[in-house]
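The values are calculated or read from the model by the stated rules, or taken from the named source; none is laboratory data. Just so you know, these numbers come straight off a predicted model, no measurement behind them. Cβ atoms come from the backbone with ideal geometry, glycine included; neighbour counts cover every protein chain shown.
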Amino acid sequence: MSSDGRNPLVPPMIGVLGPVTVDGRAVPGVRARRLLVALVLAGGRPVSTAALIDDVWGGDRPRSALSALHTQISRLRPLLGGADLAGSDGFYRLTGAVTDIESVERLLTRADPQAAERLWRGIPGADLGADDGPGERLRAEADRLRIRVDDARAHSAFTSGDYATASDIARSRIADDFLDESAHVLLMRALAAQGRTNEAFAVFAALRRTLAEELGADPGVEATALNAELAAGRPQTKSARRPPRLRAEPLIGRAGDLASLHDLIARHRVVTVLGPGGVGKTSIASSLGDDLSDSGATVFYVPLAAVRDDDDLVGVVASALGVGESDVRNSSVPRLHLRDLTDSLGDALRAVDAVLILDNCEQVIDACAGLVRGLIAVLPALRVVVTSRSPLLIGAEQVYRLPVLDTAGAASAGVELFTARALSVRPDADFDPVAVATLCAHLDGVPLAIELAAARTRVMSVGEISDGLAERFQLLRSADRTAPHRHRTLEAVIDWSWDLLDDDARVALRRTCLFPDGFSPAAAAAVVGASGAALADALTALVDQSLLQVDEADGRTRYRMLEMVREFGERRAADAGEVAETTALMGRWARDTCRDIRSRYDESPDSVLAAEVDVESENLVWVLRRAVAAASPDAIDTVVTVFPVIAAFWASRGLHQEVGSWGVRVVDVLATPPADPDDETRTNWELTLLISAVHLLPLRDLRRVATASYLLRRLHRPERTFEDVVEFLVAVALARRPTRAYRTVLRGLESHRPSGVRWAALTIRFNVRENAGDLDGALADSVEVAALAQHPDSFAAAMTDMTTASVIGQQGRWAQALALYERAVARLNKLGAVDDARQVDGYIIAMLLSLGELDRARVAIDELSGGWKPTDPTPQGNPETVALMMIVMAEYQRLASSEPVDAVVGLLRRAADLLLGQSDDTSRDPGLMGCVTATVAARIRLDSTDGVDECLLALADAVLSMRDHAGWVDVPHSAGVAYVSGVRRCLRTPGDLVGARWMALGLRLRPRHDYPAIHELIGDAQSLSGCRPHEWEAVVADTASLSRKKALDELHEQFAELRSVDVT
């Protein structure tokens, strides 16, 4: 026993369902109680210091909030006995204790709600002071638990026939919340079970009146259905436990299936929910995902119903998971990450408990099988749930065949589903449960079939619906005896709805069903051939027959079809011979849409245009794929009109691999340019070929680059080089030598040139000057580029801010750079370029650290890392962004002395290893070189240099590779490599003249000052060289007399000699 009487082998009990206690002892102090509750509600997960400060003090935080938090934690620890309140890297986590919240959950699992109820000792949160923060969250959690306890008690009471207790529970809940509809339903059932049906009616009437007065709403489906059951005289002696729900709608009749799936996914890596179309695979997978997420798993849901080609699978999954390769970096030269997207998916799913749900896989089943097999092979913690009509047929798969709903008897799940859906369209109807059961049996219990049939009750009786279906089934079976039985039954329901449509509505269904991702009214008009009231009537008819769903967001209407309805429509379109015509009309719609977006570029904000492309992206890709396959004149026109728009959108989202992949197909199909194209067609061709060539160069696809160049030469009008920005870019791209390209750029800068040409020329010269180390010239260009920007919220304006900040930051003017970086992030976030914004967030932290604003940097690191800690697996994202996050976190730890040196060095090593593992990119991308250089500089400052020589050799090799293979040199980054390499050599041998020469060459070429450690090394140059003052001054004077070119040539010679020595 411990000195306070506690048994150290028994975890302490923390009570929050009433006054906050530990092992029955009150916790003194409001702030200590708020702190403890915040940690308890985290459920053992780490909580950042910033979040804890907000929870403890709210808006009244003390001047030294972090110190005050440490004081509160120090006071709390002795009260917790054997529990562990551990802090690491700005986060705290409470483990090793038992809470009364966990005890309630455990007792509910054991079906002992009476014992769970006794754990309430008062009003949760009443002793936490202000009604906000942890108190508010605690009350919400306690209310959620109390409802579950009350439901379990009511279920127990019903089971035992104790309806009076169920009534008391319901009345108590209604007294707490008079809008609690589920409590009213419970009371109605309890009263009816006691034979007090009139009182149950009165409860429903009171509920309807209260909802109308308070919310302007009617009672929900469950209460309305119960009232109808009571009016029909059906007894209420069953359990009041509510069925599992999918979002706002109940998931009827699937409790047993859901439990079985929970058991399977706990024991198997891959579970496939198998069943026919319309059986409810998506609904139960979504509900399973919600449950797993609630239990702490990281769940990724990817709908695949719209995917028709195996080649599209990985890209669609990557898009759903937010996997993109950002092109933001300190240098403005385009850098394209070429890692396979499948590897990126692995990064995105590398969570401790990740669950990937792939929904509707049957049309790309082979590709799904390959993807799942590859992912589980490299991710041992990943679990996968698949819904499909066909199994994956891989070794790790466990198949669960989802049955249809039970239709036997008036109380079956099928009858319950039909009644609920029918009452939603006819709330005053009274349905004969026997007739409904017969109808559901005819429908084989397929949920989608039941729902579509229920929609007919608006104008038909159950008997009439059943008679009509029976006739249709016979006709359909006669037409196709090879189709699965349930598939034929589902088609009969849709076919029957089809027969109820007029000709205009049928045309609308056949024409709009080809859109894979829904459609707007304008898109419908383009393919249907109707507009105004005629189109609205046709679409309304489809909605009324439950063949079309309506979504509305931001004031815009969008229509979507269930996948089975789409498939039905596709077959009808094929039977009518309309597929080719509709595909051509969709191509015209896509061309018009892209022309409209481009025509509004100068006037509309980029955020608006990007959002429009985003919502139509899958439809545009569908059209583009078929146009590439067709390769007819109209199809080629579609390719060159759509590709530049969708490629620009992908590039803004960091999906350069996708652009490159399509570039291969696009160049292959553009065999012969038109002989005498109009201006628009010529521009479309040139943009398409330029974008393709730029993204094919890093792939080393020189044959297709040559093809694109040949076609561009045939299209190019040299006489318009300085009149049209696209022709100007083509002229620069076609220049056979860099000097000729640069002369073209300089001519484009002449004051009388159009603003678009001057903007493009300035942007190119800015990049050239920045990479050559001419920072003053680059900064002057960036100011002009900003002045010529078309509008302030464009992607170009955001990139201008970022690149200007880069130039200013590398000069050590961090406050000015910080302001520009912050504006760039705001613009990027507004545009939806989240990946790019995350990388710029890393640069912001570097500026804050250089300015000595450690507190702001710590908060920014918490936001960027999203709770990640060095003890966690490497997080998802492109290597430079992840490594940058690690570097600024390590720099903070170094400057704040918040972690042991070994821990900081370990984080720096990890960042360098991550970057050097991207060997191809490191040799081409100066941004990666700069990050690795920063890790070496920080380790030198920490006096922990084991292994840095290997990093420096790799950096020297990267400098040479950039010159030899990329065809250009980033001087500031090369200067940083030279300077830090020289420092390392001089520290090993003080006064080493070769090392001092490298340092001086680096200073002559002006290295970047972005990272604190590099700036600190530069500020202590003479001391670090180990040279006497006059020796150092002589070396510096000698290198200062060199031109930039001669200094760079000498540096390359030194590094080449170093490489040859290392090889030998």
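The residues in region 102-124 that are in a helix (DSSP H, G or I), of a type in the set (A, V, I, L, M) and modelled with pLDDT under 85 can be counted, and the count is 3. Checked against the criterion of being under 16 Å from Leu712 (Cα atoms), in contact with a helix residue (DSSP H, G or I) (Cβ under 9 Å, 6 or more places away or on another chain), among the small types (Gly, Ala, Ser) and crowded, with 21+ Cβ neighbours inside 10 Å, the candidates Gly654, Gly663 yield just one match: Gly663.
Residue-by-condition table, conditions (1) free of Cβ contacts under 8 Å to residues at least 12 places away in the same chain; (2) within 29 Å of the chain's Cα centre (by Cα); (3) within 28 Å of Val425 (Cα to Cα):
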residue	(1), (2), (3)
Asp495	no, no, yes
Asp503	yes, no, yes
Gly529	no, no, no
Leu535	no, no, yes
Ala553	yes, yes, yes
Arg566	no, yes, yes
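Look at (1) surrounded by fewer than 17 Cβ atoms within 10 Å (Cβ to Cβ); (2) of a type in the set (Ser, Thr, Tyr); (3) touching a residue at least 12 places away in the same chain (Cβ under 8 Å) and you find that Ser974 fails only one, number (1).
Within region 49-75, residues that are farther than 21 Å from Gly125 by Cβ and touching a residue at least 60 places away in the same chain (Cβ under 8 Å) have Cβ atoms under 9 Å from residues that are part of a helix (DSSP H, G or I) and among the polar types (S, T, N, Q) in these pairs: Leu66/Thr49, counting only partners at least 6 apart in sequence or on another chain.
Filtered by the rule that a residue be without any contact (Cβ under 8 Å) to a residue 60 or more places away in the chain and either closer than 27 Å to Leu66 by Cβ or aliphatic (A, V, I, L, M) (or both), region 829-846 gives Ala837, Asp841, Gly842, Ile844, Ile845. Identify all residues within region 74-86 that are surrounded by fewer than 19 Cβ atoms within 10 Å (Cβ to Cβ) and either assigned to a helix (DSSP H, G or I) or modelled with pLDDT under 80 (or both); write none if there are none. Result: Ser74, Arg75, Arg77, Pro78, Gly82.
Number of residues in region 8-53 that are at pLDDT 90 or above, within 26 Å of Ser865 (Cβ to Cβ) and either assigned to a loop (DSSP other than H, G, I, E, B) or β-branched (Val, Ile, Thr) (or both) equals 1.
The residue pairs whose first member lies in region 134-153 and is free of Cβ contacts under 8 Å to residues at least 12 places away in the same chain, whose second member is of a type in the set (Gly, Ala, Ser), and whose beta carbons are closer than 8 Å, counting only pairs six or more residues apart or on different chains, are Glu136/Gly125. The C-beta contact set for region 190-207 (first residue in contact (Cβ under 8 Å) with a residue 12 or more places away in the chain, second residue surrounded by fewer than 20 Cβ atoms within 10 Å (Cβ to Cβ) and acidic (Asp, Glu), distance under 8 angstrom, 6+ apart or interchain) comprises Leu191/Glu199; Leu207/Glu181.
Residue-by-condition table, conditions (1) aliphatic (A, V, I, L, M); (2) within 11 Å of Arg1059 (Cβ to Cβ); (3) in a helix (DSSP H, G or I):
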{"position": "Ser944", "(1), (2), (3)": "no, no, no"}
{"position": "Asp949", "(1), (2), (3)": "no, no, yes"}
{"position": "Leu953", "(1), (2), (3)": "yes, yes, yes"}
{"position": "Ala956", "(1), (2), (3)": "yes, yes, yes"}
{"position": "Val959", "(1), (2), (3)": "yes, yes, yes"}
{"position": "Val969", "(1), (2), (3)": "yes, no, no"}
{"position": "Ala975", "(1), (2), (3)": "yes, no, yes"}
{"position": "Ala978", "(1), (2), (3)": "yes, no, yes"}
{"position": "Gly982", "(1), (2), (3)": "no, no, yes"}
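Restricted to region 385-431, and to residues there that are among the charged types (D, E, K, R) and in a strand (DSSP E or B), the residue that is farthest from Asp544 (Cα to Cα) is Glu397. Residue count for region 87-120, restricted to those that are of a type in the set (Val, Ile, Thr), within 21 Å of Val56 (Cβ to Cβ) and buried (at least 18 other Cβ atoms within 10 Å of the Cβ): 2.
With respect to the stated conditions, Ala846 is within 22 Å of Leu916 (Cα to Cα), assigned to a helix (DSSP H, G or I) and more than 17 Å from the chain's Cα centre (by Cα).
Just one residue in the set Asp347, Asp290, Asp327 is outside any loop (DSSP other than H, G, I, E, B), under 30 Å from Gly930 (Cβ atoms), within 20 Å of the chain's Cα centre (by Cα) and at pLDDT below 85; that residue is Asp347.
Rundown of residues vs (1) touching a Leu at 6+ places or on another chain (Cβ under 7 Å); (2) of a type in the set (A, V, I, L, M, F, W, C); (3) within 26 Å of Ser293 (Cα to Cα), yes/no style:
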position: Val385; (1), (2), (3): yes, yes, yes
position: Pro403; (1), (2), (3): no, no, yes
position: Asp406; (1), (2), (3): no, no, no
position: Glu416; (1), (2), (3): no, no, no
position: Thr419; (1), (2), (3): no, no, no
position: Val425; (1), (2), (3): no, yes, no
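Within region 365-378, the set of residues being surrounded by fewer than 20 Cβ atoms within 10 Å (Cβ to Cβ) and in contact with a helix residue (DSSP H, G or I) (Cβ under 8 Å, 6 or more places away or on another chain) comprises Asp366, Ala367, Gly374, Val378. From the list Ala1040, Ala1056, the lone residue that is touching a residue at least 60 places away in the same chain (Cβ under 8 Å) and small (Gly, Ala, Ser) is Ala1056. Looking only at residues of region 1010-1064 that are buried (at least 16 other Cβ atoms within 10 Å of the Cβ), charged (D, E, K, R) and closer than 30 Å to Ala817 by Cα, we find that the one that is farthest from the chain's Cα centre (by Cα) is Glu1016.
Kindly indicate whether Ala896 is in contact with a helix residue (DSSP H, G or I) (Cβ under 6 Å, 6 or more places away or on another chain), surrounded by fewer than 16 Cβ atoms within 10 Å (Cβ to Cβ) and assigned by TED's automatic domain parsing to the domain that holds Ile1018. The answer is yes for Ala896.
Residues considered: Arg747, Arg682, Arg714, Arg743. Of these, the only one that is touching a residue at least 40 places away in the same chain (Cβ under 8 Å) and either assigned by TED's automatic domain parsing to the domain that holds Val645 or out of contact with any Gly (no Cβ under 7 Å at 6 or more places or on another chain) (or both) is Arg714. For Ala318, the criteria (1) buried (at least 20 other Cβ atoms within 10 Å of the Cβ); (2) in contact with a Leu (Cβ under 7 Å, 6 or more places away or on another chain); (3) modelled with pLDDT of 80 or more hold in every case but one, which is (3).
With the requirement that a residue be over 30 Å from Val959 (Cα atoms) and surrounded by fewer than 21 Cβ atoms within 10 Å (Cβ to Cβ), what does region 728-758 give you?
The initial filter retains those residues of region 728-758 that are over 30 Å from Val959 (Cα atoms), namely 728, 747-758.
Scanning region 728-758 gives Arg747, Leu749, Glu750, Ser751, His752, Arg753, Pro754, Ser755, Gly756.
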